[in-house]
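Notes follow once the structure below has been shown.
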């Protein structure tokens with residue numbers, strides 16, 4: 001396997017439960033180790049309580065604000081915050097900022113990326129970006 005670089009906004013993009021998700025690295029790319037996605041959540045979007053069976057989920061918030069929970073713990077994340085949600089735990093969140101929230105979402109072992117990829121792909125942008133390569 002060779003590495004790759006994706007430019008800003010590059011990668012297959014999908015609509016998923018009201019969010020736009022760009023898959024940066026799929027489980028297929030990482031030999032089943034993890035997946036990395038850039039997600040943009042519109043203001044007031046609420047992600048209902050759910051569980052990822054056998055899959056940890058991590059968020060690194062880039063823009064906006066999220067308030068959420070994992071089991072009985074409550075949290076608020078602002079840009080620069082990292083959120084870890086262990087596998088098999090009930091969790092959810094709401095966008096509480098007036099602007100969209102944007103996060104890098106990392107899952108492992110990856111399952112969510114495959115679920116998202118079953119959705120209709122949004123129209124292509126430049127998949128590699130100006131400075132990108134994929135080999």
Potential extension, residue 72-residue 28 segment - 0.36 nm per residue separation minus Cα distance: 12.5 nm
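Residue separation times 0.36 nm, minus the C-alpha to C-alpha distance between residue 15 and residue 119: what's the value? Numbers along the way, then the final one.
On the way: separation 104, 0.36 × 104 = 37.44 nm, distance 0.71 nm.
Contour length minus Cα-Cα distance gives 36.7 nm.
Does region 8-71 come out rounded, prolate or oblate by the C-alpha gyration tensor, with a ≥ b ≥ c the root eigenvalues, rounded set by a/c under 1.5 and, if not, prolate when a/b is larger than b/c and oblate if not? Kindly include the intermediate steps, with their values, before the conclusion.
On the way: a/c = 1.91, a/b = 1.21, b/c = 1.58.
It comes out oblate by the Cα gyration axes.
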Label of the coordinate-derived value, Cα Rg over 2.2 N^0.38 Å, listed as [x] 1.03; [y] 1.15; [z] 1.11: [x]
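Rounded to the nearest 500, what is the chain's calculated 222 nm mean residue ellipticity when only DSSP H runs of at least 4 contribute -39500 (n - 2.57) each, over all residues? Please list the in-between numbers first.
Numbers: 1 runs with 6 residues, N = 135.
Counting only the DSSP helices, I get -1000 deg cm²/dmol.
Read-outs throughout are calculated quantities, based only on the coordinates presented, and are distinct from any laboratory measurement. Just so you know, these numbers come straight off a predicted model, no measurement behind them.
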